[in-house]
Amino acid sequence: RDAQESRGLGDVYKRQLTRSVVRPMGMALRAAKDVSEGRLDTPLVSDRRDEAGQLLHAMEQMRQRVRSMISALGEMPPRHELGEISHRMNPEAYPGEFGVMVSDTNAIVAAHISIKMQLVRLIGRYAVGDLSGDMERLPGEKAIITETMDQVKANLSSICLLYTSDAADDSLRV
């Protein structure tokens, strides 16, 4: 009979341990795995106030923050397509390395836009016959931009020389 009572008490402790530790840890483990695999659509809801509840709450905050960053990043392409090329994500909305990642993403976007704006300014000068400017020397795969603009300038220079040469010939025939 004492053995049966001990077994019964052991079953109660086992159920309590499962309810208070094993189940919340399983939820946290599934959530961590989901986040690591990019699945962010399942919220972690817990009304617990113990360490397991705090862990689940922290995991939910992480899930929401990652979703927020993905949403902010996803907002950039359509805004830029609408002509809002100055639109950037707010790095101050994200703490720590998240903010660094957002700042770095903004810097990449700004660098590409800067090159495009250099091209626009230079093409504008070339369009009115001012061939005095050169494209900044760009490295790596971006070098094709510099090479193309050098070729455009050389071709326009040749056209200008032909035009002025023909104009000079015409003036001598008068």
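The values are calculated or read from the model by the stated rules, or taken from the named source; none is laboratory data. Since the model is a prediction, treat every value here as computed from it, not as a measurement. Positions of Cβ are generated from backbone atoms using ideal geometry, with glycine treated the same way; all protein chains shown enter the neighbour counts. With ligands, DNA and RNA removed, areas are computed over all heavy atoms of the protein, side chains included. Shrake-Rupley method; radii C 1.70, N 1.55, O 1.52, S 1.80 Å.
For first residues located in the range 55-73 and β-branched (Val, Ile, Thr), partners that are surrounded by fewer than 16 Cβ atoms within 10 Å (Cβ to Cβ) and modelled with pLDDT under 90 and lie 6+ apart or on another chain with Cβ distances below 7 Å do not occur.
Listed here are the residues, each with its yes/no results for (1) farther than 30 Å from Gln61 by Cβ; (2) among the acidic types (Asp, Glu).
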| site | (1), (2) |
| --- | --- |
| Pro95 | no, no |
| Ala110 | no, no |
| Tyr126 | yes, no |
| Asp130 | yes, yes |
| Met135 | yes, no |
| Ala143 | yes, no |
| Met149 | yes, no |
| Lys153 | yes, no |
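Taking the range 101-144 as the range and being β-branched (Val, Ile, Thr) and either open to solvent by 50 Å² or more (accessible area, probe 1.4 Å) or more than 30 Å from Asn90 (Cα to Cα) (or both) as the test, the residues that pass are Ile108, Val120, Ile123, Val128, Ile144. Can you confirm whether Ala111 is in a helix (DSSP H, G or I), closer than 30 Å to Asn155 by Cα and not polar (S, T, N, Q)? Yes.
Here Leu73, Leu17 are screened, and the one residue that is aliphatic (A, V, I, L, M) and either at positive phi or modelled with pLDDT under 90 (or both) is Leu17. Residue count for the range 120-144, restricted to those that are free of Cβ contacts under 8 Å to residues at least 24 places away in the same chain and not in a helix (DSSP H, G or I): 10. Exactly one residue out of Arg79, Arg121 is farther than 30 Å from Arg63 by Cβ and of a type in the set (Lys, Arg): that is Arg121.
Among residues of the range 145-169 being free of Cβ contacts under 8 Å to residues at least 12 places away in the same chain and of a type in the set (D, E, K, R), the one that is most open to solvent (accessible area, probe 1.4 Å) is Glu147.
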